[in-house]
Amino acid sequence: MWLFSRKGASGFSASSTAEEVTQGIDGTGLTAVVTGASSGIGTETARVLALRGVHVVMAVKNMPTGREVKETIAKRNPNAKIDAMELDLSSLASVRKFAADFISSGLPLNILMYNSLSAYGQSKLANVLHANELARRLKEDEVAITANSLHPGAIATNLFRHSNLINGRSNHMLCGIASTSYGEDWPLFCRQ
């Protein structure tokens, strides 16, 4: 459909893949924490960041699934620097433990990708508000760092996997015009 293939000023379109958007980027020496990295957009984000040399810390609620995703990424990319750490964003104790464990790892935090499905609507609004406030403060302090947030659009994921009303198949109908084949790439489209 022409709407998704039309390229914008960046040279990319809604059908551009994460690999296309990040082509030529060397993330060596950077560390990214990706929440919700055990499925959907989070998995694709973690995979492509690792492909570009970023040390990825997958912050996941379900460690067995997180380990499987980590192994899959490492199998496809033997040079990937990727770790899985437990993080349940609905538990302040879990958030504190994750923060303490991450700090004790000695890794820098260069990129933080909030990509969790926990309290989805409120958390997405909080992400936008946080990014806006962080951007304002960084600008005010004349720090050369940008803070961005984006809405990935309507994407057919397993967001409604626990819903009695909407299951994975009807979710595809609900989202209609978008699919994970290109929708999962959208977080990586947010670059300068």
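Which of (1) in contact with a Pro (Cβ under 7 Å, 6 or more places away or on another chain); (2) within 22 Å of Ser91 (Cβ to Cβ) is the odd one out, the single condition Thr35 does not satisfy?
Thr35 satisfies all of (1) in contact with a Pro (Cβ under 7 Å, 6 or more places away or on another chain); (2) within 22 Å of Ser91 (Cβ to Cβ) except (1).
Report yes if Thr43 is within 17 Å of Asn115 (Cβ to Cβ) and of a type in the set (S, T, N, Q), otherwise no.
yes
Taking the residues in the stretch 50-68 that are among the basic types (Lys, Arg) and surrounded by 15 or more Cβ atoms within 10 Å (Cβ to Cβ) as candidates, determine which candidate is modelled with the highest pLDDT.
Applying the filter and picking the extreme gives Arg52.
Residues checked against (1) in contact with a strand residue (DSSP E or B) (Cβ under 9 Å, 6 or more places away or on another chain); (2) touching a residue at least 24 places away in the same chain (Cβ under 8 Å); (3) of a type in the set (Phe, Trp, Tyr):
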| site | (1), (2), (3) |
| --- | --- |
| Ala46 | yes, yes, no |
| Leu51 | no, yes, no |
| Ala59 | yes, yes, no |
| Pro78 | no, no, no |
| Ala84 | yes, yes, no |
| Leu92 | no, no, no |
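Here are some residues: Glu86, Glu71. Which one is closer than 14 Å to Thr43 by Cα and either modelled with pLDDT of 95 or more or open to solvent by less than 50 Å² (accessible area, probe 1.4 Å) (or both)?
Glu71
Does Leu165 count as of a type in the set (A, V, I, L, M, F, W, C) and modelled with pLDDT of 60 or more?
So Leu165 fails the test.
Scanning for something part of a strand (DSSP E or B) and crowded, with 17+ Cβ neighbours inside 10 Å, does the stretch 116-137 turn up at least one residue? I'd like the intermediate steps shown before the answer.
Here is the first cut: in the stretch 116-137, the ones part of a strand (DSSP E or B) are none.
So far as the stretch 116-137 goes, no, none of its residues is part of a strand (DSSP E or B) and crowded, with 17+ Cβ neighbours inside 10 Å.
The values are calculated or read from the model by the stated rules, or taken from the named source; none is laboratory data. Predicted model, so just to flag it, every value in this text is computed and none were measured. Reconstructed Cβ throughout: ideal geometry from the backbone, glycine too, with neighbour counts over all protein chains shown. When the accessible area is computed, the model is the full protein with side chains, heavy atoms only, and any ligands, DNA or RNA have been set aside. Shrake-Rupley method; radii C 1.70, N 1.55, O 1.52, S 1.80 Å.
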